[in-house]
1. Read through the list (1) surrounded by 16 or more Cβ atoms within 10 Å (Cβ to Cβ); (2) at pLDDT 90 or above, then give the number of the only condition that A:THR93 fails.
2. For the range A:52-62, how many residues are in contact (Cβ under 8 Å) with a residue 40 or more places away in the chain and either in contact with a Phe, Trp or Tyr (Cβ under 7 Å, 6 or more places away or on another chain) or not aliphatic (A, V, I, L, M) (or both)?
3. Can you tell me which residue within the range A:170-181, out of those that are part of a helix (DSSP H, G or I) and open to solvent by 40 Å² or more (accessible area, probe 1.4 Å), is farthest from the other protein chains (Cβ to nearest Cβ)?
4. Of everything in the range B:161-188, what is of a type outside the set (A, V, I, L, M) and in contact with a strand residue (DSSP E or B) (Cβ under 6 Å, 6 or more places away or on another chain)? Give them in sequence order.
5. Check off (1) on the phi > 0 side of the Ramachandran plot; (2) surrounded by fewer than 18 Cβ atoms within 10 Å (Cβ to Cβ) for A:VAL263 and give me the number that stays unchecked.
6. Which condition number does A:THR147 fail, the rest of (1) free of Cβ contacts under 8 Å to residues at least 40 places away in the same chain; (2) farther than 30 Å from B:PHE143 by Cα; (3) under 17 Å from the mean Cα position of the chain (by Cα) being met?
7. Could you tell me which numbered condition A:GLY39 fails, if it satisfies all but one of (1) surrounded by fewer than 24 Cβ atoms within 10 Å (Cβ to Cβ); (2) under 30 Å from A:PRO224 (Cα atoms); (3) at pLDDT below 90?
8. How about the range A:205-232: which of its residues are surrounded by fewer than 24 Cβ atoms within 10 Å (Cβ to Cβ) and within 22 Å of A:PHE9 (Cβ to Cβ)?
Amino acid sequence: MSLWQDANFIWVLTGTLLLGVSAATIGGMAVLRQRALIGDVLAHAALPGIMMAFILFESTQPGLVVFSALLSSLLGYYAIQFLTQQTKIKTDTAMAVVLSLFFAVGLMLLSFIQNSTMENKSGLDKLLFGQAAAMNANDVNWLIVITLLALSYLVIVFHKLRLISFDPTYAQSLGLKVKRYELSFALVLVFTIVIGLQIVGVILMAAALLIPISIARFWSQSLPVLLWLAALFAMISALISTQLSMQIANMPTGPWMVVILGVLFALSWALRWALSRGWVSTKKHAQTAGNQADV
Amino acid sequence: MNAIETQRLSLGYNQFILKNISIQLPAAQRIAIIGPNGAGKSTFLKGLINLLPLRQGQVRFLDGANPAPALAYVPQREEVDWDFPINVFDVVMMGRHGQLKFWQRPNKQDHDLVRESLEKVGMLDFASRQISQLSGGQQQRVFIARALAQQAPITLMDEPFAGVDMTTENALVALFAELKAQNQTLVCVHHDLNTLARYFDWVVMINGGLIASGPIHQALTLDNLQKTFEGRLPLLENLQLTEPSL
């Protein structure tokens, strides 16, 4: 039977494609806001919430997971704000503190659950590294909703987000409600992350958010184009990694996605380098030299 | 008529940097704010636009307007990442976004205003250029064009002449004169005392508080300068001081 006739494969592929696109675009905006690591922190901060909800309700229903992860991540988000505003701790330290602290609590709760007699606990440890192969129609429906939400949010407030990313002080001087935009962005980011946890897991989530835009930066200097390219690279990695994990035994989708993104990054770098040396094509040489001058 | 009036204005971040500034700044003038490093010059500008966590006292603007529509702000160039993927036109268009709701897109009038503002600073030819490819002086002119696009009656600039080439400096001086002729008010943090009297009409001297404020030919006295700079007085070779008429 061909892979394309396998319903399970179609679900997994759709899921990884959707996650790739939303993570690449939303994550891309976070990178440009110079908040690359916020996604990593929010992903780790989701863990204790999911575990807590499981202890309370003994369920891994997507709705419950999303809601509890959302609460937990937002708590982490405000913890960073609190630490940077109320203490002398700098942003990077505050993010590292929140990331490890929330993750540690999550791991403690996870090991408590695994040593308990609670039922349905089998999927929980998969959140750490993700397990795309376990996705079903219900999960994919959630992904479709979240992806549509994230993309329409990006399209609608794109100009304001770009302004705030480039020059937040100026945005504030214009009378824009910068805090509100930042919170709404954090919410969309958290939604994307929470949905992605099942596929790539807590630990590798950052890669899905950050690598696609980093590859794109080799190829364009226009933000809309960058976001399209990031989405494209994410889709390529999703396509290849799902094929690999389905055709070869014991090959996990999430790590493969990240590795393929890494390969695309290396290839882009090498091609750019070769172009700048005039090794590949002389026609593009002038343009490349121009691009290099401004880096 | 006054463009800006403050009463016992105190400003700061964790603690007050500027205290009890009561000042009246006239409209349609080119106003320079001078003082030593750390005197609170940038703090004063940011405080006027309400960008600071600590603020006491009162500020009133021309026609009682709020800061957002009445003031255009030109931050220091170093405050942003010039490798950000965006072109000159889109940066200047940011000046129009204060008036646009989050779902609104710029219309033809906004586009015309952006082109007009770029023309005024001599950067229209660079409209589609990536900002990472600009020189320091060009970056400064783009920031000023962005403020012009706001069409605010008052423009606040934080060291517009810092690190710019002569072409830009001359272009800015000409622009300032043009803005003054259009009854615009300019408030600039300025460092070079030698060009102060040529570029500006009014001077505000601060150092943790207000030392003096007035037309340059009245306020720029040796006594006031010494109080402002406290022995850290910069070189004053070409400076024409007004001796106190006694």
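1. Looking at each condition in turn, A:THR93 falls short on (1).
2. Selection size over the range A:52-62: 5.
3. This residue is A:LYS179.
4. B:PHE176, B:LYS180, B:THR185, B:CYS188
5. Checking A:VAL263 against (1) on the phi > 0 side of the Ramachandran plot; (2) surrounded by fewer than 18 Cβ atoms within 10 Å (Cβ to Cβ), the one that fails is (1).
6. (1)
7. So A:GLY39 meets the others, but not (1).
8. A:ALA231, A:LEU232
The values are calculated or read from the model by the stated rules, or taken from the named source; none is laboratory data. What you see is a predicted model; the values in this text were computed from it and never measured. With ideal geometry, Cβ positions are generated from the backbone for all residues, glycine too; neighbour counts draw on all protein chains shown. Ligands, DNA and RNA are stripped out before the accessible areas are found, and what is left, the full protein with its side chains, is counted by its heavy atoms. Shrake-Rupley method; radii C 1.70, N 1.55, O 1.52, S 1.80 Å.
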